[in-house]
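Undergrad: For reference, the structure I am asking about is given below.
The values are calculated or read from the model by the stated rules, or taken from the named source; none is laboratory data. Bear in mind the structure is a predicted one, so any value in this text is a computation, not a measurement. Cβ atoms come from the backbone with ideal geometry, glycine included; neighbour counts cover every protein chain shown. Just the protein is used for accessible areas: all its heavy atoms, side chains included, with ligands, DNA and RNA removed. Shrake-Rupley method; radii C 1.70, N 1.55, O 1.52, S 1.80 Å.
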Amino acid sequence: QEISNPAHYIWYSNIKADETVNIVNYLAKQSQERQIFFPIYSERQIQQNPRLADTGLYFFKGQEGKPFAINNAGGGFAYVAAMQDSFPAALTLSQHGLNAFALIYRPEAPYQDLARAIVYIEDHAQELGVDPHHYSLWGGSAGARMAAELGNRSVLLGLTGRHDIPQADAVIMEYTGYAKISADDAPTFVAVGDSDWIADWRVMKQRTTLMQQIGIPTEFHVYHGLQHGFGLGAGTVAEGWINQAIYFWQDQLSPAKQA
């Protein structure tokens, strides 16, 4: 499901071995107690296209009935860097009591798979123990583009065909240069580095400024000296950004914002 070729690690600048070991141990322990991977396509669809068998959601369980997040790893739409990107964020969210999913998507069909994942969770919210009314979409690099696309209410409707599925409360984006903007976009939190050789931080600064001008809540953070793929930013000037992102998401859930 995840390509382990060391050449791909050039996309990530802050790989922590202890972080990886912690995630592997967590998943190993949880797998003994409950189902941790959920295919998002039906058995019939998988029979017709066996590649769909590995397309699904790893569930990092939080508190029963709490909102959920879908985390989308980067990888340049060539592979899915879950261990470096989406797994660390999902585990951290679960430790805050929030329900978090890490999507293993097909690089050739990322937006379709994310749309399918949202539908799956909404339709199985009761058995998964999550709040179907409130969720956020997270991503780094290519995964951030996925989050922004499906965070747009028009794109969400177009890809799911479901009027009953709510728009994400918030989109959380790391190290990308996504420039599209629409009045249908969700509130957006951005964390980028000013030494990113792949995605210019100024693109996201301009985007969030324009979003604010049309009334969409945003929060922007640029970290000096950080390159592409800093993940949770442990041991860097970005350490703790995920806590700020959680606060941003929760702020969108406040009674004043929901009125």
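Undergrad: Considering only region 197-225, how many residues are open to solvent by 20 Å² or more (accessible area, probe 1.4 Å), on the phi < 0 side of the Ramachandran plot and in a loop (DSSP other than H, G, I, E, B)? I'd like the intermediate steps shown before the answer.
TA: Going through region 197-225, the residues open to solvent by 20 Å² or more (accessible area, probe 1.4 Å) turn out to be 197-198, 200-203, 205-206, 209-210, 212-215, 217-225.
Now narrow it down to the ones that are on the phi < 0 side of the Ramachandran plot: 197-198, 200-203, 205-206, 209-210, 212-214, 217-224.
With the extra rule that they be in a loop (DSSP other than H, G, I, E, B), the set shrinks to 197-198, 200, 214, 217, 224.
Qualifying residue count, region 197-225: 6.
Undergrad: Further question on the same structure: From the list H133, H163, which residue is free of Cβ contacts under 8 Å to residues at least 24 places away in the same chain, farther than 13 Å from Y111 by Cβ, assigned to a loop (DSSP other than H, G, I, E, B) and open to solvent by 60 Å² or more (accessible area, probe 1.4 Å)?
TA: H163
Undergrad: Let me ask another. Identify the residue in region 68-83 that is open to solvent by 10 Å² or more (accessible area, probe 1.4 Å) and either among the hydroxyl-bearing types (S, T, Y) or out of contact with any Lys or Arg (no Cβ under 9 Å at 6 or more places or on another chain) (or both) and, among all such residues, is farthest from N49 (Cα to Cα).
TA: So the first thing to find is which residues in region 68-83 are open to solvent by 10 Å² or more (accessible area, probe 1.4 Å), and the list is 76-78, 83.
Adding the requirement that they be either among the hydroxyl-bearing types (S, T, Y) or out of contact with any Lys or Arg (no Cβ under 9 Å at 6 or more places or on another chain) (or both) leaves 76, 78, 83.
Working: G76: 23, A78: 19, M83: 25 Å.
Top of the filtered list is M83.
Undergrad: Name the single residue that is most open to solvent (accessible area, probe 1.4 Å) among those in region 47-67 being within 27 Å of H134 (Cα to Cα) and part of a loop (DSSP other than H, G, I, E, B).
TA: That would be E64.
Undergrad: Still on this model: Given the conditions (1) within 17 Å of Y26 (Cβ to Cβ); (2) touching a strand residue (DSSP E or B) at 6+ places or on another chain (Cβ under 7 Å); (3) surrounded by fewer than 16 Cβ atoms within 10 Å (Cβ to Cβ), and given that A100 satisfies all but one, which numbered condition is not satisfied?
TA: (3)
Undergrad: Do we have any residue at all in region 92-104 that's more than 15 Å from the chain's Cα centre (by Cα) and free of Cβ contacts under 8 Å to residues at least 40 places away in the same chain?
TA: Yes.
Undergrad: A further question follows. I'd like to know if region 74-95 contains one or more residues that are modelled with pLDDT of 95 or more and part of a strand (DSSP E or B).
TA: Among the residues of region 74-95, not one is modelled with pLDDT of 95 or more and part of a strand (DSSP E or B), which makes the answer no.
Undergrad: Name, by its number, the condition in (1) among the β-branched types (V, I, T); (2) under 26 Å from L226 (Cα atoms); (3) open to solvent by 10 Å² or more (accessible area, probe 1.4 Å) that does not hold for V190.
TA: (3)
Undergrad: Quickly run through region 166-187 and pick out the residues that are among the acidic types (D, E), in a loop (DSSP other than H, G, I, E, B) and crowded, with 18+ Cβ neighbours inside 10 Å.
TA: Answer for region 166-187, where residues must be among the acidic types (D, E), in a loop (DSSP other than H, G, I, E, B) and crowded, with 18+ Cβ neighbours inside 10 Å: D169, D185.
Undergrad: Same structure, new question: With respect to E108, is the statement that it is open to solvent by 10 Å² or more (accessible area, probe 1.4 Å) and within 11 Å of F38 (Cβ to Cβ) true? Give the steps one after another, and end with the answer.
TA: Details: open to solvent by 10 Å² or more (accessible area, probe 1.4 Å): yes; within 11 Å of F38 (Cβ to Cβ): no.
When the stated conditions are applied, E108 does not pass them.
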